[in-house]
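The structure follows.
The values are calculated or read from the model by the stated rules, or taken from the named source; none is laboratory data. From a predicted model like this one, the values you see are computed outputs, not experimental measurements. Cβ: placed from backbone, ideal geometry, glycine included. Neighbour counts: every protein chain shown. When the accessible area is computed, the model is the full protein with side chains, heavy atoms only, and any ligands, DNA or RNA have been set aside. Shrake-Rupley method; radii C 1.70, N 1.55, O 1.52, S 1.80 Å.
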Amino acid sequence: MLYLKALHLIAIVFWFSGLFYLPRLFVYHTMQHSNLMQQRFIGLECQLYYYITTPGMVLTLVSGVILLLHKFPHLPYPGWLIAKIIGVLWLSGFHIYLGYLRRCFATGMNKHSEIFFRYLNEVPTLFLLLIVLLAVFHPHL
Amino acid sequence: MLWFKALHIISIIAWFSGLLYLPRLFICYYQWSDQQAQHYLSLMAYKLYHYIINPAGLCSLLCGLALIDTLPIYELHKFWFGVKLICALVIVMYHLYLGTILRNLHFIKISYNLKFYYFLYTIPVICCAVIIVVTVAKPF
């Protein structure tokens with residue numbers, strides 16, 4: 001089980017490396033005006049999303065669910081764990097939303113400004129803080 | 001001490017997100033040869049290195065040092081701890097090496113070939129995996 005926990009942490013590192021950098025790529029993408037540069041950024045976003053971020057998410061969720069079933073076989077779950085699960089679900093929603101934005105960029109339908117993506121860039125940081133603090137401190141909620 | 005542990009984990013995730021992505025930007029710099037693209041890429045790489053990788057790396061090292069203080073002495077003499085220290089050292093050297101490439105970005109076309117950059121990728125991946133496995137499982 002400890003090896004599974006290690007795998008869970010490694011997958012989290014990969015997942016977040018994508019979640020942190022994808023909105024950053026969107027910020028730079030909105031600044032591009034030439035067709036060639038736009039095509040290049042679409043390629044980068046596609047690679048980052050499908051080869052790093054999504055496999056990272058799948059591995060994180062699968063290993064996380066197995067760890068959950070192993071460590072907490074019976075309901076009710078403690079409060080911090082429920083809060084963490086809710087955080088992870090929101091984060092997965094954010095991941096899917098990034099995929100939607102990526103498709104918008106790839107089809108040339110992006111309507112959002114550079115500022116919007118700069119704010120979006122801070123969202124995974126908040127989730128990371130919340131989830132790691134819950135997992136380390138196990139507060140009574 | 002749990003605060004240090006949490007901060008250690010958070011800053012490591014931020015650190016590796018940069019360490020894993022920076023070589024990708026170098027590869028782009030290698031492949032996209034027009035001036036406009038290279039201007040953007042050097043800006044992106046500069047920001048990633050100085051605003052994400054450097055502060056996060058410093059923070060994870062300092063928190064790591066504080067955490068060593070909390071380990072019982074007998075753990076420090078075990079093999080896993082040595083392995084972890086060596087891997088951490090390799091990561092720091094890799095980090096500094098990326099900095100030297102960044103400073104010489106204009107010359108990298110002549111200095112290295114593309115395979116070298118794909119090889120660079122494997123260093124943080126392997127070190128990250130080894131460090132996490134030995135820290136969590138403490139197998140030896």
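Name the residues in the range B:110-130 that are in contact (Cβ under 8 Å) with a residue 12 or more places away in the chain, closer than 11 Å to residue A:10 by Cα and open to solvent by 30 Å² or more (accessible area, probe 1.4 Å), would you?
B:125, B:130
Let me ask you something else. Look through B:96, B:41, B:48 and report the one residue that is open to solvent by less than 30 Å² (accessible area, probe 1.4 Å) and more than 25 Å from residue B:6 (Cβ to Cβ).
On inspection, the qualifying residue turns out to be B:41.
Quick check on the range B:15-27: of everything there that is more than 7 Å from chain A (Cβ to nearest Cβ) and open to solvent by 10 Å² or more (accessible area, probe 1.4 Å), which residue is modelled with the lowest pLDDT?
The qualifying residue modelled with the lowest pLDDT is B:24.
Quick test for you: out of A:96, A:85, pick the one residue that is modelled with pLDDT of 85 or more, open to solvent by 50 Å² or more (accessible area, probe 1.4 Å) and closer than 17 Å to residue A:130 by Cβ.
A:85
I've got another one for you. When you scan the range A:99-129, how many residues do you find that are of a type in the set (S, T, N, Q) and surrounded by fewer than 15 Cβ atoms within 10 Å (Cβ to Cβ)?
To start, the set of residues in the range A:99-129 that are of a type in the set (S, T, N, Q) comprises A:107, A:110, A:113, A:121, A:125.
With the extra rule that they be surrounded by fewer than 15 Cβ atoms within 10 Å (Cβ to Cβ), the set shrinks to A:107, A:113.
Qualifying residue count, the range A:99-129: 2.
While we're on this one: How many residues does the range A:57-72 hold that are in contact (Cβ under 8 Å) with a residue 40 or more places away in the chain, farther than 20 Å from residue A:21 by Cβ and surrounded by 14 or more Cβ atoms within 10 Å (Cβ to Cβ)?
Of the residues in the range A:57-72, 4 are in contact (Cβ under 8 Å) with a residue 40 or more places away in the chain, farther than 20 Å from residue A:21 by Cβ and surrounded by 14 or more Cβ atoms within 10 Å (Cβ to Cβ).
Something else now. For residue A:140, only one of the following conditions fails: (1) free of Cβ contacts under 8 Å to residues at least 60 places away in the same chain; (2) surrounded by fewer than 14 Cβ atoms within 10 Å (Cβ to Cβ); (3) more than 22 Å from residue A:52 (Cβ to Cβ). What is its number?
Going through (1) free of Cβ contacts under 8 Å to residues at least 60 places away in the same chain; (2) surrounded by fewer than 14 Cβ atoms within 10 Å (Cβ to Cβ); (3) more than 22 Å from residue A:52 (Cβ to Cβ) one by one, residue A:140 breaks only (1).
Going by the structure shown, is residue A:117 within 28 Å of residue B:8 (Cα to Cα) and either of a type in the set (D, E, K, R) or within 18 Å of the chain's Cα centre (by Cα) (or both)?
Here the answer is yes, as residue A:117 does meet what is asked.
Under 8 Å between Cβ atoms, at least 6 apart or on separate chains: pull out the pairs that start in the range A:32-56 with a residue that is within 11 Å of chain B (Cβ to nearest Cβ) and without any contact (Cβ under 8 Å) to a residue 24 or more places away in the chain and end on any residue that is surrounded by fewer than 17 Cβ atoms within 10 Å (Cβ to Cβ) and hydrophobic (A, V, I, L, M, F, W, C).
From residues that are within 11 Å of chain B (Cβ to nearest Cβ) and without any contact (Cβ under 8 Å) to a residue 24 or more places away in the chain, the pairs are A:40/B:32.
Next question. May I ask you to say which residue of A:75, A:22 is closer than 23 Å to residue A:132 by Cα and surrounded by 12 or more Cβ atoms within 10 Å (Cβ to Cβ)? Please lay out each step first, then the result.
Details: A:75 fails: surrounded by 12 or more Cβ atoms within 10 Å (Cβ to Cβ).
From the options A:75, A:22, the qualifying one is A:22.
While we're looking at this one, here's another question. Run residue A:4 past the list (1) within 12 Å of chain B (Cβ to nearest Cβ); (2) modelled with pLDDT of 90 or more; (3) open to solvent by 30 Å² or more (accessible area, probe 1.4 Å); (4) touching a Gly at 6+ places or on another chain (Cβ under 9 Å) and report the number of the one that doesn't hold.
(4)
Filtering the range B:58-88 down to residues that are without any contact (Cβ under 8 Å) to a residue 60 or more places away in the chain and of a type in the set (Phe, Trp, Tyr), which residue is least open to solvent (accessible area, probe 1.4 Å)?
B:81
To continue, here is another question. Filter the range B:28-37 for residues that are assigned to a helix (DSSP H, G or I), more than 8 Å from chain A (Cβ to nearest Cβ) and open to solvent by 40 Å² or more (accessible area, probe 1.4 Å) and give the result. Outline the logic, then answer.
If we filter the range B:28-37 for residues that are assigned to a helix (DSSP H, G or I), which is where we start, we get B:28-31, B:35-37.
Now drop any that are not more than 8 Å from chain A (Cβ to nearest Cβ), which leaves B:29-31, B:35.
Scanning the range B:28-37 gives B:30, B:31, B:35.
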